[in-house]
Amino acid sequence: MIKKITLVLCALVALLIFGVVMLCLWLNQQAPKEIEAAKQRLHEMGAPMTLEEALLLAVPDEKNAAPLYLELVDFSEKTSAVAEADDLLEQQVFGEYYDKDWEYILRFELRDEEWGVLEEAVEMLEQVGYFERIEAITVCSYFRPDWDFEQGPAMLIPEITPAREAGRWCLARAFLRMRANQPVAALADLKGAYVLSDQMAQGQTLINALISCAIRLMANKSLETMSREGYDLSMLDSSVWDFSMMSHWLPALDLERLGMGRVVFETLLYGSDEERMTLLQGESRAMHTIGTLGLIRWFFEYDYATYLNLMADVRGQVGFSPAELKAADAELQEQMLEAKRNYRILTCILMPTTYHVQMRMTQCEARDRLAQTGLALSAYHAEHNSYPHSLSDLVPSYLSELQLDPFSEAPLVYQWLEGGYQLYSVGVNGLDEGGVERVDADIDEGDLIWTGAGSVLKRIDLLQ
């Protein structure tokens, strides 16, 4: 009797194993079809499907800033004065919160002795030729990194860190030059920061886009401060406004998919042992074996299909209003939770937080339009000794056309006041909150206001 039961159990186990093997073989046949369907969906949307299609055209070396950024990286590492200038500010001006305390320079809030320290730091960099290198970079029209996709995903490039630092130092020197009554030289430094932002956006990754936004927002904040302090900005090169941050959104999203997601998935699934080890830099033995486990390869192929479909969903959001983007992001978060429940491991790791990047880029667009309008208001005031009752009075003498708020697709909000005005964008939440900017609030809260000359500020500091 026991023998019969044992035989039956063995038969059931064998049948179960056979069924599992057959199911895995069937899934191995179906999973690639899901990947192809997702790729076909992207193709029908007009998305590039190869790196050759996605990458911007090559440019002559003399017009490409990327090699000069790499030289700046090497120079900064080998030149002690660069680190010493940073240390000087950190120890005698900023203290513990280095990144945030740069805001005090951008808002012109340093004490006299602190301006002296900043001047000493800038002089240290001038003496070793740091700014000459930045000027050589800003002369270049293009930024084309030398992507090496054979070595892994295009996620971080070494040019990012020096670009942000260079932007900060350009703006610091611009303020010092303004204080020294050297407006032409100061505006050249200010323009340099805008050029650095433009170049970073050409890097075609979402991280590049965020760095570009960070530099550009610092430049716009500096511009507002200079305007508020009464400096003449009429000689600022108007070409800085030819830049459109959102024009870089799709190229960055596509390269994120092709240069990072595709490289990771296809190398782990279909690459050779050598390619997988190169990608993982010899680490994560479990991930290294994905491509060799034929019976469960379907599991990661479905993971890949999920990733591609989510990236297609995000690509389909082009043209959405901010409210529609927020709703789409909520839906995307639900899909990510579903992916997590289904153990779509790589999708959960590789899927970017696209909503945050889109809103940062749109904020840059709004700040640019506020700056153009704010400078036009200053020019109008210089000629008429008053501010216009309507922004339409600026067209065409001071603006070629009314600037629209990218968050509402309506003209920027303008209110004439006795002796001044309010100028603002309704911001990410799309709500007109009366020109109140909530300092240190979440990205969705408060209006985006122009704080230049003549503006009336209504700010709520959430830290107080």
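Pairs from the table (K78/K191; K221/K326; K191/K326; K39/K63; K39/K326; K39/K340) lying more than 29 angstrom apart at Cα are K191/K326; K39/K63. If R0 is taken as 35 Å, the Cβ-Cβ distance between D87 and D146 corresponds to a FRET efficiency of 0.65.
What ranking do 105-115, 251-261 get when scored by the average of other Cβ atoms within 10 Å per residue, highest first? Don't skip to the answer; put the middle values down first.
On the way: 105-115: 14.6, 251-261: 23.2.
Ranking the peptides 105-115, 251-261 by packing returns 251-261, 105-115.
Around the Cα centre of region 36-76, unit charges on the Cβ atoms of Lys, Arg, Asp and Glu (plus for the first two, minus for the last two) sum to a dipole of about 220 debye. In the complete set of protein chains, residue-level accessible area for L417 is approximately 60 Å², probe 1.4 angstrom. Listed by chain and number, the aspartates and glutamates whose alpha-carbon sits under 14 Å from that of K33, ignoring those within fewer than 8 places in the same chain, are E301, D303.
The values are calculated or read from the model by the stated rules, or taken from the named source; none is laboratory data. Being a predicted model, the structure only gives us computed values, none of them experimental. For neighbour counting, all protein chains shown are included, and Cβ atoms are generated from backbone atoms with ideal geometry for every residue, glycine included. Side chains are part of the model used for accessible areas, which takes the heavy atoms of the whole protein and leaves out ligands, DNA and RNA. Shrake-Rupley method; radii C 1.70, N 1.55, O 1.52, S 1.80 Å.
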